[in-house]
Amino acid sequence: MTNEIDIPSEPRAAVDALANHLTATADRPVPPATNRWLGEAEAVARDATSDDLDTPTRRKRVRQVATLLESADKTDDAVADRHIEAAIECCQVALADE
């Protein structure tokens with residue numbers, strides 16, 4: 001994986017990308033304590049991609065993901081860390097107009 005990851009500029013697309021980045025960390029060698037934070041963040045992000053959510057609820061889910069990611073430590077895995085950084089950037093895009 002390169003350091004060049006495209007972050008969508010449209011909020012709804014950023015939510016989908018957020019979930020995909022967190023899913024990508026699942027198979028990486030991440031310490032168990034950090035993996036718990038990432039697993040919970042992934043579950044909430046997947047929920048945020050649901051088509052039947054209204055915008056305020058989707059934003060709430062993205063804020064929850066951002067909070068969970070703030071609590072996660074570095075993984076000592078460059079690929080996982082880059083996916084986490086990209087997920088954080090996706091949160092910023094999704095919440096930009098708040």
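Could you state the number of Å between the C-alpha centres of the range 67-81 and the range 1-66?
The distance from the Cα centre of the range 1-66 to that of the range 67-81 comes to 13 Å.
Based on the mean of other beta carbon atoms within 10 Å per residue, what is the order of 52-62, 74-84, most packed first?
Ranked from most to least packed, the peptides come out as 74-84, 52-62.
Just from its helices, what would the mean residue ellipticity at 222 nm be for the chain, if runs of 4 or more DSSP H residues each count -39500 (n - 2.57) and the sum is divided by every residue, rounded to the nearest 500 deg cm²/dmol? The partial results should precede the final answer.
On the way: 4 runs with 65 residues, N = 98.
Helix contribution divided over all residues of the chain: -22000 deg cm²/dmol.
Can you tell me the orientation of helix 11-24 relative to the chain, as the angle in degrees between its alpha-carbon axis and the longest Cα principal axis, to the nearest 10?
20 degrees
Under a Cβ-only charge scheme (Lys and Arg +1, Asp and Glu -1), can you give me the dipole magnitude of the chain about the Cα centre, in debye to the nearest 20? Let's see the in-between values first.
Details: 11 positive and 20 negative charges, 54 e Å.
Magnitude of the dipole: close to 260 debye.
For the chain, what is the relative contact order in percent, using Cα pairs closer than 8 Å and at least 6 residues apart in sequence? Don't jump to the answer; show the numbers that get you there.
On the way: 125 pairs, mean separation 42.6, N = 98.
Answer for the chain is 43 percent.
Show the residues, 5+ positions off or on another chain, whose built amide H is closer than 5 Å to the amide H of ALA72.
none
For the Cα atoms of the chain, what angle does the longest principal axis make with the long axis of helix 32-48, in degrees from 0 to 90, nearest 10?
The angle comes out near 20 degrees.
Excluding ligands, DNA and RNA, what is the solvent-accessible area per residue of the chain at a probe of 1.4 Å, expressed in Å²?
Working: 5510 Å² over 98 residues.
Averaged over the residues of the chain, the accessible area is 56 Å².
Can you find, among PRO8, LEU53, ALA86, the residue farthest towards the positive end of the dipole of the chain? Put +1 on the C-beta of Lys and Arg, -1 on that of Asp and Glu.
Going by the charge dipole, the pick is LEU53.
Output ³J(HN,Hα) for the range 81-88: one whole-Hz value per residue in order, computed from phi by the Karplus curve 6.51 cos²θ - 1.76 cosθ + 1.60 with θ = phi - 60°, and x for Gly and Pro.
Using θ = phi - 60°, the values come out as 4, 5, 5, 5, 4, 5, 4, 4 Hz.
The values are calculated or read from the model by the stated rules, or taken from the named source; none is laboratory data. None of these values were measured; they are calculated from a predicted model. Using ideal geometry, Cβ is built from the backbone for each residue, glycine included, and neighbour counts are taken over all protein chains shown. Remember, those area values only see protein heavy atoms, side chains included, never the ligands or the DNA or RNA. Shrake-Rupley method; radii C 1.70, N 1.55, O 1.52, S 1.80 Å.
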